[in-house]
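Working notes, beginning with the structure itself.
The values are calculated or read from the model by the stated rules, or taken from the named source; none is laboratory data. Everything numeric here is computed off the predicted structure, so don't read it as measured data. Every residue, glycine as well, gets a Cβ built from its backbone with ideal geometry; the counts of neighbours run over all protein chains shown.
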C-alpha cells in the first residue's frame, strides 16, 4: 500500500533521512522544515500520515496535530520530540496522535510506527 506522508521537522536531516528510506518502500513523501509551508500543504491536501516534531520555533507540533485532526480525522499523526516528557506525550495522545516517538530515534522506529499507522488505515478502509 503506497501512502502519502508529510514530514515536518525543523532539522533538515530528519526529513532527508526519512524521505530516502520511506520512498524506497514505495511511499510518496513531502518533507518540510518550515511549519508554515507544511500548513499550506495541509490546507491543500491532507496526507494519509503526518510525522511532526513537537518542539519548533513558532508553531508547535500540537497545533499541527489539531489542524490535521480537524481537516481529516482519518489521518494518522506520529509525534516526534527530543523533549519527551510524560505531559507532552499525554497531551498529544489525548488530542488524537497515533503514536509518540522520542529523539534520538532509529529510522526503523519511525518505519515501524508508519507501518502500524498503515495497517490502522487499511483496517478502517475495510481492507
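Restricting to the stretch 1-25, name every residue that is exposed (fewer than 15 other Cβ atoms within 10 Å of the Cβ), out of contact with any helix residue (DSSP H, G or I) (no Cβ under 8 Å at 6 or more places or on another chain) and under 17 Å from residue 76 (Cβ atoms). Result: 2, single match.
Filtered by the rule that a residue be surrounded by 21 or more Cβ atoms within 10 Å (Cβ to Cβ) and out of contact with any helix residue (DSSP H, G or I) (no Cβ under 7 Å at 6 or more places or on another chain), the stretch 39-53 gives a lone residue, 47. Within the stretch 111-124, is even one residue within 13 Å of residue 49 (Cβ to Cβ), modelled with pLDDT of 95 or more and in a strand (DSSP E or B)? Within the stretch 111-124 (the criterion being within 13 Å of residue 49 (Cβ to Cβ), modelled with pLDDT of 95 or more and in a strand (DSSP E or B)), the answer is no, since none of the residues qualifies.
Mind listing whichever residues of the stretch 72-102 are surrounded by fewer than 18 Cβ atoms within 10 Å (Cβ to Cβ) and in contact (Cβ under 8 Å) with a residue 24 or more places away in the chain? Answer for the stretch 72-102, where residues must be surrounded by fewer than 18 Cβ atoms within 10 Å (Cβ to Cβ) and in contact (Cβ under 8 Å) with a residue 24 or more places away in the chain: 72, 74, 82, 83, 91, 95, 96. The single condition from (1) under 18 Å from residue 121 (Cβ atoms); (2) modelled with pLDDT of 95 or more; (3) in a helix (DSSP H, G or I) that residue 39 fails is (1). Scanning the stretch 26-36 for residues being farther than 20 Å from residue 113 by Cα, surrounded by fewer than 19 Cβ atoms within 10 Å (Cβ to Cβ) and touching a strand residue (DSSP E or B) at 6+ places or on another chain (Cβ under 9 Å) gives a total of 2.
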